[in-house]
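A quick write-up on the structure given underneath.
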C-alpha cells in the first residue's frame, strides 16, 4: 500500500472531504500507525477548521486518534510493530508519531491494556482536562462551576470530582449535555439550564449568595463571549477564573471592576509536564474513574467524515461525542 485516505478541509465553509495522498515517510525516531478510530473535537475542529472560509492545513484536521503501529524507525525507542497506541494526529487511515515528550503534534502514548481503541481517542482531551483541574487547585472547601458541558467540560467535571469540592455545578444551554453530565457524575452535581435560567443568578442561589470560588469556562466559539462575562459576575472575592474555551471570533469582555481581588489563568502553565499528566489520564481511563462511552452519541466510518462534521455543526442539540472508524 502506497497511498491512504485523509480528511481535508478545502476552500469554503464546511467543505470537508476525503483526499487520496501518498503514505507518509517516517524519520528514524518515528512510527507509522494504522488508524483504528478517531474522535472529532467539536470546539477546535468546527470553530477553527470547519467554519473557516479558507482551506485548512490537513495536518491540523484532528488530533485524537488510536491505532496499531505498522512499522517503526531504527531509533523509535520501545515501540514495536503491533503495539496499540494513541496518537495526536489528524483524521486519516495512517499517521506518523513519536514517543518524544517534547512533541505536541504526533505524540504517541501506548494504550493501557484495559483501554479499547474507541475510549483511547479521548486520551488527548482527558490529558488536558487532568492538567486543567490540577492547575485550578480544587479543594474540599471550593464551590466549583464549570461553564459548558461538551466533551471538555464533561471531562473537567469528572476530574473535579476526585477533589471532592463542597459544591460542583455545571452550566449549559443544551439538554443532551446536561443529561450526560448527570449520568456520568451522579446526583451530587448541580445542573443549570442556561437556555431558560440566568446562570449568574442561579449560581448565586445555589451557593447561598456567596458565588463560586472557582469558575472553569469551557465555552468556545461565539457563545463564549457571553459566558466569559457571566463567569466574572458569578466569581466570589479571591476566586479563580480559569479560561479553557477558544475561538470566540471576537475579543472577550474583561471587566476590571468585577475582577479586582480575583485571579485569571488561561489553561495550565507552560511548566506542566504533558507526559506526566498523559500517563495519569491513561490510568484514569483504564480504571473507569473517567467515563467516556456515555459521551459518544454517534459513530461513523472515516469515509463518512463529511456527514460526521455536518451533524456536529448543524445539530449540536443531538450530537456530542462523534467517533469515526478507520479499520
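The values are calculated or read from the model by the stated rules, or taken from the named source; none is laboratory data. What you see is a predicted model, and the numbers here were worked out from it, not measured in a lab. Reconstructed Cβ throughout: ideal geometry from the backbone, glycine too, with neighbour counts over all protein chains shown.
Quick look at the numbers
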quantity	calculated
Residue match in the stretch 143-160 (condition: in a loop (DSSP other than H, G, I, E, B), assigned by TED's automatic domain parsing to the domain that holds residue 226, over 21 Å from residue 262 (Cβ atoms) and in contact with a helix residue (DSSP H, G or I) (Cβ under 9 Å, 6 or more places away or on another chain))	yes
Residue list for the stretch 287-302, restricted to those being crowded, with 16+ Cβ neighbours inside 10 Å and in a helix (DSSP H, G or I)	295, 302
One residue from 33, 69, 16, 21 being surrounded by 18 or more Cβ atoms within 10 Å (Cβ to Cβ) and within 16 Å of residue 303 (Cβ to Cβ)	16
The stretch 165-186 residues that are at positive phi, paired with ones that are crowded, with 18+ Cβ neighbours inside 10 Å and assigned to a helix (DSSP H, G or I) (beta carbon under 9 Å, 6 or more apart)	186/161
Residue in the stretch 68-77 that is touching a residue at least 12 places away in the same chain (Cβ under 8 Å), under 20 Å from residue 119 (Cα atoms) and more than 19 Å from the chain's Cα centre (by Cα) present	yes
Options 308, 327, 278: the member that is in contact with a strand residue (DSSP E or B) (Cβ under 7 Å, 6 or more places away or on another chain), assigned to a loop (DSSP other than H, G, I, E, B) and touching a residue at least 40 places away in the same chain (Cβ under 8 Å)	327
Qualifying residues in the stretch 150-173 (those that are out of contact with any strand residue (DSSP E or B) (no Cβ under 9 Å at 6 or more places or on another chain) and surrounded by fewer than 20 Cβ atoms within 10 Å (Cβ to Cβ)) - the one farthest from residue 234 (Cα to Cα)	162
